[in-house]
Amino acid sequence: MASDLPEYYFRVRENGALVFRVDTENRQRRIEMDQIAAVNIRNGEIKPHGDRVLSEDDLAVIHDWMAERQEVLAHRDIDDIYRAVDYLNLTTQWAQSRASEDQLEEVTDALLLAMHDLRAVLVRKKADRLMKGS
């Protein structure tokens, strides 16, 4: 099992990760994880843990992880938007076929405001893209 473990472990946090070096080559044959850095995906900052100096290999692995993580997060963002489109369609079907008057009264204003806000942003962004293309 120990030989299958990666050399580094990234404990994901909301804005990045804590980076650990995995050590299985010790007397007790236990898995030890030594924190070496904290990473901020949003601003690209890599802070060594304590007085540690990161090696070029450490930095290369961290930069690779950051690039992969940004791809994963970007994919999740667009996937969430496609889910939102599905939810809008399901909500439309619910309102059309199953919603009671009381249920519609409860959610109509919130839905209308959210959809109005979304429409305004989408129309403005589309106009901006069209103006850049001209």
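The values are calculated or read from the model by the stated rules, or taken from the named source; none is laboratory data. Every value quoted in this text rests on a predicted model; they were computed, and no experiment measured them. A quick note on method: Cβ atoms are made from the backbone with ideal geometry, for glycine too, and the neighbour counts reach across all protein chains shown.
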### Message
I'd like to check something: does segment 2-15 contain any residue that is of a type in the set (Ser, Thr, Tyr), surrounded by 15 or more Cβ atoms within 10 Å (Cβ to Cβ) and modelled with pLDDT of 95 or more?
### Response
yes
### Task
Would you mind finding the one in Asp86, Asp58, Asp80 that is of a type in the set (D, E, K, R), closer than 20 Å to Phe20 by Cα and in the same structural domain as Arg11 (by TED's automatic domain parsing)?
Asp58
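State which residue is surrounded by the fewest Cβ atoms within 10 Å (Cβ to Cβ) when the search covers only segment 57-74 and only residues that are over 21 Å from the mean Cα position of the chain (by Cα) and not small (Gly, Ala, Ser).
To start, the set of residues in segment 57-74 that are over 21 Å from the mean Cα position of the chain (by Cα) comprises 57-60.
If we keep only those that are not small (Gly, Ala, Ser) too, we end up with 57-59.
Working: Asp57: 10, Asp58: 19, Leu59: 13.
Result: Asp57.
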#### Entry: Lone unmet requirement of (1) modelled with pLDDT of 95 or more; (2) of a type in the set (Asp, Glu); (3) more than 17 Å from the chain's Cα centre (by Cα) for Asp23
(1)
### Task
Test each condition in (1) of a type in the set (Lys, Arg); (2) in a loop (DSSP other than H, G, I, E, B); (3) under 30 Å from Ala114 (Cβ atoms) for Arg76 and report the one that comes out false.
(2)
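Within segment 99-107, identify whether any single residue is exposed (fewer than 10 other Cβ atoms within 10 Å of the Cβ) and either modelled with pLDDT under 95 or of a type outside the set (D, E, K, R) (or both), and answer yes or no.
Looking through segment 99-107, at least one residue is exposed (fewer than 10 other Cβ atoms within 10 Å of the Cβ) and either modelled with pLDDT under 95 or of a type outside the set (D, E, K, R) (or both).
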### Task
Could you grab the pairs with beta carbons closer than 7 Å, sequence gap of 6+ or different chains, first residue in segment 76-103 and β-branched (Val, Ile, Thr), second one surrounded by fewer than 10 Cβ atoms within 10 Å (Cβ to Cβ) and assigned to a helix (DSSP H, G or I)?
none
### Summary
(1) out of contact with any strand residue (DSSP E or B) (no Cβ under 6 Å at 6 or more places or on another chain); (2) surrounded by 10 or more Cβ atoms within 10 Å (Cβ to Cβ); (3) in a loop (DSSP other than H, G, I, E, B); (4) hydrophobic (A, V, I, L, M, F, W, C) all hold for Leu54 apart from (1)
